[in-house]
């Protein structure tokens, strides 16, 4: 708890201008993996601006009101889910305790699902302008901001990241479009004092952890309009994404995060789940399983989308890694051909999850890349639902959305 208190104090000091931002800087990266210095936070934040923009939301609303597909089916899926229920009762806890794989699970599922429900309600409100849904989202957010004090046990950083990725999406729509939310300041205080200390310094664990943490930090930075927090997210992202998705242009071995000290081929191979043949689109967790790989790919796309909405386009820098990761995993997820012996010993564990819509829309719909495997997989699984962790309703929000 003392460590968290110190981090909270540092964040507050930076915001107040009494402490320089290097106190929360990312670990120094080697020149081989550190991206060129660039502006990261926008001069002025755009709202709503986490995951979906006002223009994207307007596109969704128009499509659903016209009964167009696949958006109408996707909307109905969200509205008819438990997350869209107006009878949902918030289940906040003062301390959420999550061990490995959420065992023990004291509030872990409740927190994640209440956060997704708040976002679901915010989306339904935007489409319908039925104030009951906005008020339900507020009820959920207020209940947690009045109660939550800490996350504990081994999965605390990941739990915080997952819930912290969904809350700002809901909060941005409610605060900046609906508008009538008296306790929005208390909610922001919860994000700053309970969520940020657990995730602000990233992770040296598997890449999906830090990528999800980065997504949450970025979204919180937008909601709080805190440029230092936002910059921290992008600093982590610039090092982690090249260390998660391999491109042949990286060289014979994948890039690494310097703080992990993966300084030998043997260490790198071990960290990449025993994979010693590196090909474009392979990820650090491909040979672990596609579920965790999907978490990382999803977070990569989410950060790129929020950055674009905030007026700083990172797709030229990271879009190719996203495109290749989606294409590679989609090829083997479709299970139309035998897995070669050089890939994960000839066996992959499928289960990519509902995570392809955001990246596919960005790289194919907006930027025009042909993505045959990703397209086939994405269209075959519409409407994409929720993974019940931090991904929800992305056919609704991003399918063929050019905004």
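Tabulated values for the structure
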read-out	value
GNM result for the chain, Cα springs below 10 Å: residue of 212, 166, 81 fluctuating most strongly	81
Label-point gap, in nm, between residue 260 and residue 205 - each point 7 angstrom along Cα→Cβ	1.4 nm
Where labels lie 7 Å past Cα in the beta-carbon direction, separation of residue 376 and residue 403 in nm	3.3 nm
FRET efficiency, residue 146 to residue 69 (Cβ-Cβ, R0 41 Å, nearest 0.05)	0.50
Approximate spin-label separation residue 154-residue 132, in nm, with each point projected 7 Å along Cα-to-Cβ	4.4 nm
Ordering of 244-252, 47-55 by packing [mean C-beta count within 10 Å, highest first]	47-55, 244-252
Counting all C-alpha pairs of segment 196-350, share separated by more than 20 Å (%)	48 percent
Rg in Å to one decimal, and Dmax rounded to a whole Å, for segment 45-398 via C-alpha atoms	19.4, 59
Expected 222 nm ellipticity per residue - DSSP helices of 4 or more, -39500 (n - 2.57), all of the chain, to 500	-15500 deg cm²/dmol
Candidates 104, 316, 254, ranked by Gaussian network fluctuation over the chain, Cα under 10 Å, top entry	316
Length added when fully stretched, residue 95-residue 341, from 0.36 nm per residue minus Cα-Cα	84.0 nm
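Since every read-out is calculated from the coordinates, none of them should be taken as a lab result. In this text, all values refer to a predicted model and were calculated from it rather than measured experimentally. Glycine gets a Cβ as well: all are built from the backbone with ideal geometry, and neighbour counts include every protein chain shown.
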